[in-house]
């Protein structure tokens, strides 16, 4: 079996034998794949400097079984620099895909969303690196998480009250339960096994725009909690390494102040 010039990103690499690498990739047309890049760790390898994460690649491979052999790689345009929080966020995206996507299951729309999210993080999506505020990075990440759940078949209910069937009201508080969706929140009923969230947050997620006058901070906080609750059901008990690295970085910065 041969695959030629497949649009791909590298999600993870690790050493393999003496001079090779194992690549976990996300291909637009063929989904997650595992490739062996033979001799890629040799000093004179033509692959040196090409097999990098967060760089759009055209990859060719051949072979059967779960691991195929990389035969060619062409790098596309490099993104703007990713460092600090932006870099950890990009690693978080990769970890989500590695943990949640089945091998060989194509998700072209998710691939495009991933590429667009990297562009947003790098500052290349319509605004400069210096102009991009933290809330835009946060909003891009939340929308990617929401779309990822949808692509996996676990899309959130974002348009109606699951108890009454009525359209969500922006200023109403709802109890979002992962296995069901939002229902009108009342103090008497509480929100057992769920999360209180406002209608405007759910509607903002449905629109794909997490910005609203005087509500940005609250919407982003609620969207983050909502995504974390729903993703946790599918990620299992094993903690994400990228989240731990982020916590360590925050502690390091505090210790320097």
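List of remarks:
- Residues of the range 220-234 satisfying the condition of being touching a strand residue (DSSP E or B) at 6+ places or on another chain (Cβ under 8 Å) and more than 14 Å from residue 154 (Cβ to Cβ): 222, 225
- Here the range 61-76 is the region considered, the condition is being assigned to a loop (DSSP other than H, G, I, E, B) and in contact with a strand residue (DSSP E or B) (Cβ under 8 Å, 6 or more places away or on another chain), and the residue that is surrounded by the fewest Cβ atoms within 10 Å (Cβ to Cβ) is 66.
- Scope the range 210-225; condition free of Cβ contacts under 8 Å to residues at least 24 places away in the same chain, in a loop (DSSP other than H, G, I, E, B) and touching a helix residue (DSSP H, G or I) at 6+ places or on another chain (Cβ under 9 Å); matching residues: 212, 215
- The listed residues are 47, 82, 58, 23, and the only one of them that is within 24 Å of residue 121 (Cβ to Cβ) and not in a strand (DSSP E or B) turns out to be 82.
- Single match in 157, 162, 197 (criterion: in the same structural domain as residue 228 (by TED's automatic domain parsing) and outside any loop (DSSP other than H, G, I, E, B)): 197
- Looking across the range 169-209 at every residue that is in contact (Cβ under 8 Å) with a residue 40 or more places away in the chain and in contact with a helix residue (DSSP H, G or I) (Cβ under 7 Å, 6 or more places away or on another chain), the one that is farthest from residue 154 (Cα to Cα) is identified as 208.
The values are calculated or read from the model by the stated rules, or taken from the named source; none is laboratory data. Because the structure is predicted, anything quoted here is derived from the model rather than measured. Here the Cβ is made from the backbone with ideal geometry for all residues, glycine too, and neighbour counts use every protein chain on show.
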